[in-house]
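Heads up, the thing below is written out as C-alpha coordinates.
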Amino acid sequence: MLVLFETAAGYAIFKVLDESKLQQVDSLYKEFETPEKANKIVKLKHFEKFQDTTEALAAATALIEGKIGKSLKKVLKKVVAKDAHEQLAISDAKLGGVIKEKMDLSCVHSPAVAELMRCIRTQMESLITGLPPREISAMSLGLAHSLSRYKLKFSPDKVDTMIVQAISLLDDLDKELNNYIMRCREWYGWHFPEIGKIITDNLAYCKTVRKIGDRTNVAGSDLSETIPEEIEAEVKLAAEISMGTEVSEQDISNIRHLCDQVIEISEYRAQLYDYLKNRMMAIAPNLTVMVGELVGARLISHAGSLLNLAKHPASTVQILGAEKALFRALKTRKDTPKYGLIYHASLVGQTTAKNKGKISRMLAAKSALAIRYDALGEDTNAEMGAENRAKLEARLRQLEEKGIRRISGTGKAMAKADKYQHKSEVRMYDPSGDSTIPSTSKKRKFEEVEAEEEAEEPVTPVVKSKKAKKETVTEVKEEEAETSAAAEEASKKKKKKKKKAEAEPEEPKEEEEEVAVTESSEKKKKKKKKKVKEEEEEED
(Lines give C-alpha, C1' and ligand atoms only; values in the text may rest on other atoms or scores of the structure.)
Protein backbone atom coordinates (compact mmCIF):
# COMPACT_ATOMS: atom_id res chain seq x y z
CA MET A 1 0.00 0.00 0.00
CA LEU A 2 1.16 3.50 -0.89
CA VAL A 3 0.25 6.67 1.06
CA LEU A 4 -0.18 10.14 -0.53
CA PHE A 5 0.76 12.74 2.08
CA GLU A 6 0.42 16.48 1.37
CA THR A 7 2.68 19.06 3.05
CA ALA A 8 3.30 22.81 2.62
CA ALA A 9 6.70 21.97 1.07
CA GLY A 10 5.49 19.33 -1.42
CA TYR A 11 3.91 15.93 -2.00
CA ALA A 12 5.30 12.83 -0.24
CA ILE A 13 4.67 9.17 -1.26
CA PHE A 14 5.17 6.62 1.54
CA LYS A 15 5.33 2.83 1.29
CA VAL A 16 3.58 0.94 4.12
CA LEU A 17 5.92 -1.81 5.29
CA ASP A 18 3.61 -3.58 7.76
CA GLU A 19 -0.05 -3.38 6.74
CA SER A 20 -1.17 -5.61 9.63
CA LYS A 21 -0.56 -2.76 12.05
CA LEU A 22 -3.25 -0.71 10.30
CA GLN A 23 -5.93 -3.06 11.54
CA GLN A 24 -5.24 -1.99 15.12
CA VAL A 25 -6.50 1.59 14.75
CA ASP A 26 -6.74 2.41 18.45
CA SER A 27 -3.15 1.38 19.20
CA LEU A 28 -1.55 2.64 15.97
CA TYR A 29 -0.20 5.82 17.58
CA LYS A 30 2.05 3.66 19.81
CA GLU A 31 3.94 2.52 16.72
CA PHE A 32 4.81 6.17 15.90
CA GLU A 33 6.04 7.26 19.33
CA THR A 34 9.68 7.38 18.15
CA PRO A 35 11.27 7.96 14.71
CA GLU A 36 12.80 4.48 14.80
CA LYS A 37 9.41 2.81 15.32
CA ALA A 38 7.84 5.00 12.64
CA ASN A 39 10.50 4.00 10.07
CA LYS A 40 9.55 0.35 10.66
CA ILE A 41 5.93 1.02 9.66
CA VAL A 42 6.33 3.45 6.70
CA LYS A 43 9.18 4.43 4.40
CA LEU A 44 9.53 7.49 2.15
CA LYS A 45 9.47 6.46 -1.51
CA HIS A 46 9.36 9.87 -3.26
CA PHE A 47 9.13 13.56 -2.32
CA GLU A 48 8.09 16.24 -4.88
CA LYS A 49 9.08 19.66 -3.55
CA PHE A 50 7.26 22.88 -4.56
CA GLN A 51 9.42 25.46 -6.32
CA ASP A 52 7.77 28.52 -4.72
CA THR A 53 4.72 29.71 -2.76
CA THR A 54 2.71 30.30 -5.93
CA GLU A 55 2.97 26.64 -6.90
CA ALA A 56 2.12 25.61 -3.35
CA LEU A 57 -0.94 27.89 -3.39
CA ALA A 58 -2.11 26.46 -6.73
CA ALA A 59 -1.72 22.91 -5.43
CA ALA A 60 -3.52 23.71 -2.15
CA THR A 61 -6.46 25.40 -3.90
CA ALA A 62 -6.76 22.47 -6.29
CA LEU A 63 -6.90 20.06 -3.33
CA ILE A 64 -9.53 22.20 -1.56
CA GLU A 65 -11.71 22.20 -4.68
CA GLY A 66 -11.25 18.43 -5.16
CA LYS A 67 -9.20 18.69 -8.38
CA ILE A 68 -5.86 17.20 -9.48
CA GLY A 69 -3.17 19.86 -9.82
CA LYS A 70 -0.25 19.75 -12.26
CA SER A 71 2.33 18.80 -9.63
CA LEU A 72 0.09 16.04 -8.20
CA LYS A 73 -0.57 14.59 -11.65
CA LYS A 74 3.18 14.56 -12.30
CA VAL A 75 3.86 12.67 -9.04
CA LEU A 76 1.11 10.12 -9.66
CA LYS A 77 2.34 9.37 -13.20
CA LYS A 78 5.96 9.18 -12.13
CA VAL A 79 5.72 7.01 -9.01
CA VAL A 80 2.31 5.47 -8.44
CA ALA A 81 1.68 4.36 -12.05
CA LYS A 82 4.65 2.00 -11.81
CA ASP A 83 3.02 0.22 -8.89
CA ALA A 84 -0.51 0.27 -10.30
CA HIS A 85 -1.41 -3.00 -8.60
CA GLU A 86 -1.02 -1.40 -5.15
CA GLN A 87 -3.67 0.68 -3.44
CA LEU A 88 -3.22 4.39 -2.73
CA ALA A 89 -4.27 5.70 0.68
CA ILE A 90 -5.92 9.16 0.36
CA SER A 91 -6.97 11.58 3.13
CA ASP A 92 -9.79 13.10 1.03
CA ALA A 93 -12.49 10.80 -0.37
CA LYS A 94 -13.52 13.34 -3.03
CA LEU A 95 -9.95 13.58 -4.34
CA GLY A 96 -9.73 9.76 -4.36
CA GLY A 97 -12.77 9.57 -6.63
CA VAL A 98 -11.21 12.04 -9.10
CA ILE A 99 -7.88 10.13 -9.14
CA LYS A 100 -9.68 6.82 -9.73
CA GLU A 101 -11.61 8.39 -12.62
CA LYS A 102 -8.72 10.08 -14.43
CA MET A 103 -5.68 7.99 -13.48
CA ASP A 104 -7.38 4.58 -13.11
CA LEU A 105 -5.79 3.95 -9.71
CA SER A 106 -7.52 2.23 -6.81
CA CYS A 107 -7.74 4.60 -3.84
CA VAL A 108 -8.54 3.82 -0.20
CA HIS A 109 -10.05 6.10 2.42
CA SER A 110 -10.98 4.72 5.85
CA PRO A 111 -10.66 5.55 9.58
CA ALA A 112 -7.40 3.51 9.63
CA VAL A 113 -5.98 5.66 6.82
CA ALA A 114 -7.00 8.87 8.66
CA GLU A 115 -5.25 7.66 11.82
CA LEU A 116 -2.16 6.74 9.77
CA MET A 117 -2.04 10.26 8.27
CA ARG A 118 -2.22 11.78 11.75
CA CYS A 119 0.63 9.55 12.97
CA ILE A 120 2.81 10.41 9.93
CA ARG A 121 2.24 14.12 10.62
CA THR A 122 3.63 13.74 14.16
CA GLN A 123 6.90 12.27 12.82
CA MET A 124 6.99 14.21 9.54
CA GLU A 125 10.38 15.87 10.16
CA SER A 126 12.15 12.54 10.74
CA LEU A 127 10.34 10.63 7.99
CA ILE A 128 10.95 13.24 5.23
CA THR A 129 14.72 13.42 4.83
CA GLY A 130 16.58 16.33 3.22
CA LEU A 131 14.11 18.99 4.45
CA PRO A 132 15.16 21.02 7.52
CA PRO A 133 12.44 21.82 10.11
CA ARG A 134 12.98 25.60 9.76
CA GLU A 135 12.26 25.46 6.02
CA ILE A 136 9.07 23.42 6.58
CA SER A 137 7.76 25.94 9.15
CA ALA A 138 8.60 28.91 6.88
CA MET A 139 6.83 27.35 3.91
CA SER A 140 3.84 26.45 6.09
CA LEU A 141 3.53 30.05 7.26
CA GLY A 142 3.87 31.47 3.74
CA LEU A 143 1.30 29.05 2.34
CA ALA A 144 -1.12 29.83 5.19
CA HIS A 145 -0.92 33.58 4.45
CA SER A 146 -1.26 33.09 0.70
CA LEU A 147 -4.21 30.75 1.13
CA SER A 148 -6.04 33.13 3.48
CA ARG A 149 -5.51 35.99 0.99
CA TYR A 150 -6.86 33.83 -1.82
CA LYS A 151 -9.91 32.80 0.20
CA LEU A 152 -10.74 36.39 1.19
CA LYS A 153 -9.94 37.74 -2.29
CA PHE A 154 -7.40 39.96 -0.49
CA SER A 155 -5.88 42.86 -2.39
CA PRO A 156 -3.64 45.65 -1.07
CA ASP A 157 -5.82 48.13 -3.01
CA LYS A 158 -8.77 47.16 -0.79
CA VAL A 159 -7.20 48.38 2.46
CA ASP A 160 -9.73 50.92 3.77
CA THR A 161 -7.55 51.88 6.76
CA MET A 162 -5.74 54.32 4.47
CA ILE A 163 -9.04 56.06 3.70
CA VAL A 164 -9.91 56.40 7.40
CA GLN A 165 -6.50 57.95 8.12
CA ALA A 166 -6.57 60.20 5.04
CA ILE A 167 -9.99 61.74 5.74
CA SER A 168 -9.07 62.32 9.41
CA LEU A 169 -5.84 64.05 8.35
CA LEU A 170 -7.74 66.12 5.78
CA ASP A 171 -10.14 67.40 8.46
CA ASP A 172 -7.21 68.22 10.77
CA LEU A 173 -5.44 70.12 7.98
CA ASP A 174 -8.58 72.18 7.31
CA LYS A 175 -8.78 73.21 10.98
CA GLU A 176 -5.08 74.12 11.13
CA LEU A 177 -5.29 76.06 7.86
CA ASN A 178 -8.23 78.10 9.15
CA ASN A 179 -6.35 78.94 12.37
CA TYR A 180 -3.16 79.91 10.51
CA ILE A 181 -5.00 82.07 7.95
CA MET A 182 -7.00 83.88 10.64
CA ARG A 183 -3.77 84.57 12.55
CA CYS A 184 -2.03 85.79 9.39
CA ARG A 185 -4.87 88.16 8.45
CA GLU A 186 -5.06 89.56 11.97
CA TRP A 187 -1.30 89.95 12.27
CA TYR A 188 -0.73 91.66 8.90
CA GLY A 189 -3.96 93.65 9.35
CA TRP A 190 -2.22 95.89 11.91
CA HIS A 191 0.18 97.01 9.17
CA PHE A 192 -2.06 97.01 6.07
CA PRO A 193 -5.76 96.50 7.08
CA GLU A 194 -7.28 97.52 3.70
CA ILE A 195 -5.85 94.53 1.82
CA GLY A 196 -7.98 92.11 3.87
CA LYS A 197 -11.22 93.37 2.30
CA ILE A 198 -9.80 93.66 -1.21
CA ILE A 199 -8.36 90.09 -1.45
CA THR A 200 -10.93 87.57 -0.15
CA ASP A 201 -9.20 84.34 -1.27
CA ASN A 202 -7.00 83.04 1.57
CA LEU A 203 -4.28 81.44 -0.55
CA ALA A 204 -4.00 84.50 -2.80
CA TYR A 205 -3.86 86.71 0.30
CA CYS A 206 -0.91 84.76 1.75
CA LYS A 207 0.97 84.73 -1.58
CA THR A 208 0.44 88.49 -1.97
CA VAL A 209 1.59 89.25 1.60
CA ARG A 210 4.69 87.09 1.13
CA LYS A 211 5.57 88.97 -2.06
CA ILE A 212 4.79 92.50 -0.77
CA GLY A 213 6.22 92.42 2.72
CA ASP A 214 6.11 96.08 3.81
CA ARG A 215 3.25 98.05 2.27
CA THR A 216 5.68 100.66 0.96
CA ASN A 217 6.94 98.03 -1.52
CA VAL A 218 3.52 97.64 -3.20
CA ALA A 219 4.10 100.34 -5.82
CA GLY A 220 7.26 98.68 -7.17
CA SER A 221 6.12 95.01 -6.96
CA ASP A 222 4.41 92.99 -9.72
CA LEU A 223 1.39 91.05 -8.35
CA SER A 224 -0.04 89.86 -11.67
CA GLU A 225 0.94 86.22 -10.94
CA THR A 226 -1.15 86.00 -7.76
CA ILE A 227 -4.10 88.36 -8.26
CA PRO A 228 -5.96 89.91 -11.28
CA GLU A 229 -5.04 93.35 -12.63
CA GLU A 230 -8.16 95.11 -11.26
CA ILE A 231 -7.51 93.90 -7.71
CA GLU A 232 -3.80 94.75 -8.09
CA ALA A 233 -4.72 98.36 -8.93
CA GLU A 234 -7.00 98.54 -5.87
CA VAL A 235 -4.22 97.17 -3.61
CA LYS A 236 -1.72 99.74 -4.89
CA LEU A 237 -4.22 102.57 -4.43
CA ALA A 238 -5.08 101.42 -0.88
CA ALA A 239 -1.40 101.15 0.06
CA GLU A 240 -0.91 104.87 -0.60
CA ILE A 241 -3.66 105.94 1.82
CA SER A 242 -3.43 103.06 4.32
CA MET A 243 -4.21 103.74 7.99
CA GLY A 244 -2.08 100.84 9.31
CA THR A 245 0.73 101.14 11.82
CA GLU A 246 4.43 100.84 11.03
CA VAL A 247 6.08 97.47 11.82
CA SER A 248 9.68 96.34 11.94
CA GLU A 249 11.50 94.09 9.46
CA GLN A 250 11.57 91.29 12.01
CA ASP A 251 7.77 91.35 12.25
CA ILE A 252 7.46 91.24 8.44
CA SER A 253 9.86 88.25 8.25
CA ASN A 254 7.80 86.32 10.80
CA ILE A 255 4.57 87.09 8.91
CA ARG A 256 6.22 85.90 5.67
CA HIS A 257 7.30 82.68 7.36
CA LEU A 258 3.71 82.09 8.49
CA CYS A 259 2.52 82.69 4.90
CA ASP A 260 5.03 80.08 3.70
CA GLN A 261 3.58 77.57 6.15
CA VAL A 262 0.03 78.28 4.94
CA ILE A 263 1.02 77.85 1.28
CA GLU A 264 2.86 74.57 1.98
CA ILE A 265 -0.04 73.13 3.97
CA SER A 266 -2.49 74.16 1.21
CA GLU A 267 -0.38 72.39 -1.42
CA TYR A 268 -0.12 69.26 0.74
CA ARG A 269 -3.88 69.34 1.32
CA ALA A 270 -4.53 69.40 -2.44
CA GLN A 271 -2.13 66.48 -2.89
CA LEU A 272 -3.81 64.53 -0.05
CA TYR A 273 -7.25 65.16 -1.57
CA ASP A 274 -6.10 63.71 -4.92
CA TYR A 275 -4.72 60.66 -3.08
CA LEU A 276 -8.01 60.18 -1.22
CA LYS A 277 -9.96 60.52 -4.47
CA ASN A 278 -7.88 57.78 -6.14
CA ARG A 279 -8.12 55.45 -3.13
CA MET A 280 -11.89 55.87 -2.94
CA MET A 281 -12.25 55.05 -6.64
CA ALA A 282 -10.13 51.92 -6.09
CA ILE A 283 -11.83 50.68 -2.90
CA ALA A 284 -15.45 51.89 -3.18
CA PRO A 285 -16.11 53.10 -6.75
CA ASN A 286 -19.89 52.70 -6.60
CA LEU A 287 -20.20 54.55 -3.29
CA THR A 288 -17.96 57.33 -4.66
CA VAL A 289 -20.21 57.77 -7.70
CA MET A 290 -23.32 57.88 -5.49
CA VAL A 291 -22.30 60.35 -2.74
CA GLY A 292 -18.84 61.65 -3.68
CA GLU A 293 -15.40 60.81 -2.31
CA LEU A 294 -15.50 63.07 0.77
CA VAL A 295 -18.92 61.92 2.02
CA GLY A 296 -18.10 58.29 1.21
CA ALA A 297 -14.78 58.49 3.09
CA ARG A 298 -16.51 60.07 6.10
CA LEU A 299 -19.11 57.28 6.14
CA ILE A 300 -16.36 54.63 6.06
CA SER A 301 -14.41 56.45 8.77
CA HIS A 302 -17.52 56.78 10.96
CA ALA A 303 -18.37 53.07 10.64
CA GLY A 304 -14.74 51.98 11.17
CA SER A 305 -14.30 50.07 7.92
CA LEU A 306 -16.01 49.37 4.61
CA LEU A 307 -17.11 45.92 5.83
CA ASN A 308 -18.67 47.37 8.98
CA LEU A 309 -20.47 49.97 6.87
CA ALA A 310 -21.78 47.20 4.60
CA LYS A 311 -23.41 45.55 7.64
CA HIS A 312 -25.52 48.65 8.35
CA PRO A 313 -29.07 48.86 6.91
CA ALA A 314 -30.11 51.79 4.71
CA SER A 315 -31.98 53.49 7.58
CA THR A 316 -28.75 53.59 9.63
CA VAL A 317 -26.67 54.85 6.69
CA GLN A 318 -29.21 57.68 6.27
CA ILE A 319 -28.74 59.08 9.81
CA LEU A 320 -25.10 58.03 10.31
CA GLY A 321 -23.40 61.02 11.93
CA ALA A 322 -26.57 62.39 13.57
CA GLU A 323 -26.65 60.03 16.56
CA LYS A 324 -26.76 62.87 19.09
CA ALA A 325 -29.81 64.43 17.43
CA LEU A 326 -31.46 61.01 17.10
CA PHE A 327 -31.20 60.12 20.78
CA ARG A 328 -32.24 63.63 21.83
CA ALA A 329 -35.33 63.34 19.62
CA LEU A 330 -36.16 59.91 21.06
CA LYS A 331 -35.72 61.22 24.59
CA THR A 332 -37.92 64.28 24.07
CA ARG A 333 -40.40 62.39 21.83
CA LYS A 334 -39.93 64.72 18.88
CA ASP A 335 -39.26 64.12 15.19
CA THR A 336 -36.11 62.10 14.48
CA PRO A 337 -33.48 63.51 12.08
CA LYS A 338 -33.89 62.74 8.37
CA TYR A 339 -30.21 62.84 7.42
CA GLY A 340 -26.71 62.77 8.89
CA LEU A 341 -23.42 62.79 6.96
CA ILE A 342 -25.35 62.00 3.76
CA TYR A 343 -26.76 65.56 3.87
CA HIS A 344 -23.51 66.84 2.31
CA ALA A 345 -23.96 64.69 -0.82
CA SER A 346 -24.53 66.67 -4.02
CA LEU A 347 -27.90 65.02 -4.73
CA VAL A 348 -29.33 66.10 -1.36
CA GLY A 349 -27.78 69.56 -1.59
CA GLN A 350 -29.36 70.46 -4.92
CA THR A 351 -32.94 69.59 -3.85
CA THR A 352 -35.47 71.94 -2.27
CA ALA A 353 -35.97 71.86 1.50
CA LYS A 354 -39.31 70.08 1.07
CA ASN A 355 -37.80 67.10 -0.83
CA LYS A 356 -34.52 66.71 1.10
CA GLY A 357 -35.97 64.00 3.36
CA LYS A 358 -37.29 61.92 0.44
CA ILE A 359 -34.08 62.19 -1.58
CA SER A 360 -31.86 61.37 1.43
CA ARG A 361 -33.94 58.25 2.12
CA MET A 362 -33.71 57.08 -1.50
CA LEU A 363 -30.00 57.93 -1.68
CA ALA A 364 -29.32 55.98 1.53
CA ALA A 365 -31.11 52.92 0.13
CA LYS A 366 -29.12 52.95 -3.12
CA SER A 367 -25.88 53.75 -1.27
CA ALA A 368 -26.37 50.74 1.03
CA LEU A 369 -26.55 48.50 -2.05
CA ALA A 370 -23.46 50.17 -3.55
CA ILE A 371 -21.50 49.72 -0.28
CA ARG A 372 -22.29 45.99 -0.13
CA TYR A 373 -21.37 45.56 -3.77
CA ASP A 374 -18.04 47.33 -3.19
CA ALA A 375 -17.24 45.46 0.03
CA LEU A 376 -18.25 41.93 -0.97
CA GLY A 377 -18.39 41.93 -4.77
CA GLU A 378 -15.62 40.72 -7.06
CA ASP A 379 -15.95 43.41 -9.74
CA THR A 380 -14.32 46.82 -9.33
CA ASN A 381 -16.32 48.82 -11.90
CA ALA A 382 -18.74 51.65 -11.07
CA GLU A 383 -21.54 50.73 -13.50
CA MET A 384 -24.03 49.91 -10.76
CA GLY A 385 -23.41 53.22 -8.96
CA ALA A 386 -23.79 55.24 -12.18
CA GLU A 387 -27.03 53.45 -13.04
CA ASN A 388 -28.53 54.05 -9.57
CA ARG A 389 -27.45 57.69 -9.61
CA ALA A 390 -29.20 58.21 -12.95
CA LYS A 391 -32.39 56.73 -11.46
CA LEU A 392 -32.17 59.06 -8.45
CA GLU A 393 -31.62 62.10 -10.67
CA ALA A 394 -34.69 61.16 -12.74
CA ARG A 395 -36.74 60.79 -9.56
CA LEU A 396 -35.45 64.15 -8.32
CA ARG A 397 -36.52 65.86 -11.55
CA GLN A 398 -39.95 64.24 -11.23
CA LEU A 399 -40.37 65.56 -7.68
CA GLU A 400 -39.24 69.06 -8.65
CA GLU A 401 -41.59 69.16 -11.69
CA LYS A 402 -44.46 67.95 -9.50
CA GLY A 403 -43.93 70.88 -7.12
CA ILE A 404 -43.77 73.42 -9.99
CA ARG A 405 -46.94 72.01 -11.57
CA ARG A 406 -48.79 72.36 -8.27
CA ILE A 407 -47.71 75.98 -7.84
CA SER A 408 -48.58 77.05 -11.40
CA GLY A 409 -51.92 75.22 -11.43
CA THR A 410 -51.19 73.23 -14.58
CA GLY A 411 -51.74 70.00 -12.66
CA LYS A 412 -55.45 70.80 -12.20
CA ALA A 413 -55.78 71.75 -15.85
CA MET A 414 -54.24 68.43 -16.88
CA ALA A 415 -56.61 66.54 -14.59
CA LYS A 416 -59.69 68.26 -16.09
CA ALA A 417 -58.63 67.96 -19.73
CA ASP A 418 -61.70 65.87 -20.64
CA LYS A 419 -64.18 68.53 -19.41
CA TYR A 420 -62.52 71.43 -21.22
CA GLN A 421 -64.84 73.90 -22.99
CA HIS A 422 -63.67 76.70 -25.23
CA LYS A 423 -64.60 80.17 -23.99
CA SER A 424 -64.46 83.21 -26.22
CA GLU A 425 -62.19 86.00 -25.06
CA VAL A 426 -64.36 88.70 -26.77
CA ARG A 427 -66.29 90.70 -24.14
CA MET A 428 -69.73 92.25 -24.80
CA TYR A 429 -70.52 95.88 -23.83
CA ASP A 430 -72.68 96.22 -20.71
CA PRO A 431 -75.00 99.26 -21.08
CA SER A 432 -76.36 99.05 -17.51
CA GLY A 433 -73.54 101.23 -16.25
CA ASP A 434 -74.60 104.21 -18.44
CA SER A 435 -77.79 105.15 -16.49
CA THR A 436 -77.40 107.48 -13.49
CA ILE A 437 -81.04 107.08 -12.29
CA PRO A 438 -81.29 104.65 -9.35
CA SER A 439 -83.42 101.68 -10.36
CA THR A 440 -85.76 99.88 -7.95
CA SER A 441 -85.69 96.12 -7.73
CA LYS A 442 -88.37 94.15 -9.56
CA LYS A 443 -89.18 91.95 -6.59
CA ARG A 444 -90.37 94.75 -4.39
CA LYS A 445 -93.38 93.51 -2.48
CA PHE A 446 -96.69 95.34 -2.07
CA GLU A 447 -96.53 95.03 1.74
CA GLU A 448 -93.23 96.93 1.86
CA VAL A 449 -94.83 99.71 -0.19
CA GLU A 450 -97.73 99.98 2.31
CA ALA A 451 -95.36 99.99 5.28
CA GLU A 452 -93.41 102.90 3.75
CA GLU A 453 -96.64 104.84 3.04
CA GLU A 454 -97.83 104.37 6.64
CA ALA A 455 -94.49 105.55 7.95
CA GLU A 456 -94.69 108.71 5.79
CA GLU A 457 -98.26 109.64 7.01
CA PRO A 458 -98.10 112.21 9.91
CA VAL A 459 -100.18 111.67 13.02
CA THR A 460 -103.26 114.00 12.95
CA PRO A 461 -103.67 116.24 16.07
CA VAL A 462 -106.66 115.67 18.39
CA VAL A 463 -109.50 118.30 17.81
CA LYS A 464 -112.05 119.19 20.55
CA SER A 465 -115.09 119.71 18.24
CA LYS A 466 -117.20 116.70 17.38
CA LYS A 467 -117.83 117.93 13.85
CA ALA A 468 -114.17 118.05 13.09
CA LYS A 469 -113.81 114.49 14.39
CA LYS A 470 -116.59 113.27 12.13
CA GLU A 471 -115.13 115.08 9.11
CA THR A 472 -111.70 113.69 9.78
CA VAL A 473 -113.09 110.14 10.11
CA THR A 474 -114.92 110.43 6.82
CA GLU A 475 -111.84 111.93 5.14
CA VAL A 476 -109.64 109.11 6.47
CA LYS A 477 -112.08 106.55 5.12
CA GLU A 478 -112.09 108.27 1.74
CA GLU A 479 -108.29 108.37 1.73
CA GLU A 480 -108.11 104.67 2.62
CA ALA A 481 -110.48 103.85 -0.20
CA GLU A 482 -108.40 105.94 -2.60
CA THR A 483 -105.15 104.32 -1.46
CA SER A 484 -106.64 100.81 -1.80
CA ALA A 485 -107.89 101.65 -5.28
CA ALA A 486 -104.49 103.07 -6.20
CA ALA A 487 -102.75 99.99 -4.79
CA GLU A 488 -105.04 97.72 -6.82
CA GLU A 489 -104.30 99.74 -9.93
CA ALA A 490 -100.58 99.58 -9.18
CA SER A 491 -100.72 95.79 -8.70
CA LYS A 492 -102.62 95.43 -11.99
CA LYS A 493 -100.07 97.61 -13.72
CA LYS A 494 -97.25 95.53 -12.25
CA LYS A 495 -98.79 92.29 -13.52
CA LYS A 496 -99.20 93.81 -16.97
CA LYS A 497 -95.64 95.05 -16.85
CA LYS A 498 -94.37 91.59 -15.87
CA LYS A 499 -96.14 90.07 -18.84
CA LYS A 500 -94.69 92.74 -21.07
CA ALA A 501 -91.27 92.14 -19.57
CA GLU A 502 -91.53 88.44 -20.42
CA ALA A 503 -92.61 89.28 -23.96
CA GLU A 504 -90.18 92.16 -24.34
CA PRO A 505 -87.11 91.58 -22.15
CA GLU A 506 -85.23 94.45 -23.72
CA GLU A 507 -87.28 97.26 -22.04
CA PRO A 508 -87.51 96.37 -18.30
CA LYS A 509 -85.78 99.44 -16.98
CA GLU A 510 -88.08 101.94 -18.73
CA GLU A 511 -91.17 100.34 -17.15
CA GLU A 512 -89.56 100.44 -13.69
CA GLU A 513 -88.88 104.12 -14.16
CA GLU A 514 -92.57 104.76 -15.12
CA VAL A 515 -93.77 102.95 -11.98
CA ALA A 516 -91.44 105.01 -9.84
CA VAL A 517 -92.76 108.26 -11.46
CA THR A 518 -96.45 107.32 -10.92
CA GLU A 519 -95.80 106.43 -7.26
CA SER A 520 -94.03 109.71 -6.63
CA SER A 521 -96.93 111.72 -8.27
CA GLU A 522 -99.52 109.94 -6.08
CA LYS A 523 -97.53 110.76 -2.95
CA LYS A 524 -97.39 114.46 -3.93
CA LYS A 525 -101.21 114.57 -4.40
CA LYS A 526 -101.77 113.02 -0.95
CA LYS A 527 -99.48 115.55 0.69
CA LYS A 528 -101.39 118.46 -0.96
CA LYS A 529 -104.75 117.06 0.30
CA LYS A 530 -103.40 116.75 3.84
CA LYS A 531 -102.17 120.38 3.81
CA VAL A 532 -105.61 121.64 2.62
CA LYS A 533 -107.36 119.70 5.44
CA GLU A 534 -105.02 121.10 8.08
CA GLU A 535 -105.67 124.67 6.87
CA GLU A 536 -109.46 124.14 7.02
CA GLU A 537 -109.20 122.79 10.58
CA GLU A 538 -107.19 125.82 11.68
CA GLU A 539 -109.78 128.21 10.17
CA ASP A 540 -112.62 126.45 12.06
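Looking at the stretch 2-152, the accessible area is 56 square angstrom per residue; that uses a 1.4 Å probe and ignores ligands, DNA and RNA. Between the stretch 1-55 and the stretch 114-133, what's the alpha-carbon centroid distance in Å? Result: 6 Å between the Cα centres. Taking the centroid of alpha carbons for each part, the stretch 159-221 and the stretch 284-357 are 32 Å apart. Leaving ligands, DNA and RNA out of it, report the carbon-plus-sulfur percent of the accessible area of the stretch 1-96 at a 1.4 Å probe. Ligands and nucleic acids excluded, carbon and sulfur reach 49 percent.
Taking the accessible area of the stretch 161-272, probe 1.4 Å, and keeping the other protein chains in place, the carbon and sulfur fraction comes to 52%. The charge dipole of the stretch 2-152, taken about its Cα centre with unit charges on the Cβ atoms of Lys, Arg (+1), Asp and Glu (-1) only, comes to about 400 debye.
The modelled label-to-label distance for the pair Lys324/Glu230, using points 7 Å beyond Cα in the direction of Cβ, is 4.2 nm.
Structure note, pairs Lys277/Lys402; Lys175/Lys402; Lys207/Lys356; Lys43/Lys67; Lys49/Lys100; Lys277/Lys311: Cα-Cα distances above 31 angstrom occur for Lys277/Lys402; Lys175/Lys402; Lys207/Lys356. Note on Lys311 and Asn217: the extension gain reaches 27.7 nm, defined as 0.36 nm multiplied by sequence separation minus the Cα-Cα distance. The amide H of Val42, built 1.01 Å from its N in the peptide plane, has Leu17 as neighbours under 5 Å, considering only residues 5 or more places off or on other chains. Net charge dipole, the stretch 284-400: roughly 880 debye, given to the nearest 20, about the Cα centre with Cβ charges of +1 for Lys and Arg and -1 for Asp and Glu. If I compute solvent accessible area with a 1.4 Å probe over the protein chains, what percent of it on the stretch 284-400 is carbon and sulfur? After summing per-atom areas, the C and S share lands at 53 percent.
Accessible surface for the stretch 161-272, divided over its residues, is 59 Å² per residue with a 1.4 Å probe. 3J(HN,Hα) couplings calculated from phi for the stretch 215-221 with the Karplus curve 6.51 cos²θ - 1.76 cosθ + 1.60 (θ = phi - 60°) are, in sequence order, 5, 5, 8, 5, 4, x, 9 Hz; Gly and Pro show x. Using every pair of distinct Cα positions in the stretch 161-272, the Kirkwood expression returns a hydrodynamic radius of 14.8 angstrom.
The values are calculated or read from the model by the stated rules, or taken from the named source; none is laboratory data. This is a predicted model, so every value here is computed, not measured. In this analysis, Cβ positions are derived from the backbone assuming ideal geometry, glycine residues included, and neighbour counts consider all displayed protein chains. Each accessible area value is taken on the protein alone, full model and side chains, heavy atoms only, with ligands, DNA and RNA left out. Shrake-Rupley method; radii C 1.70, N 1.55, O 1.52, S 1.80 Å.
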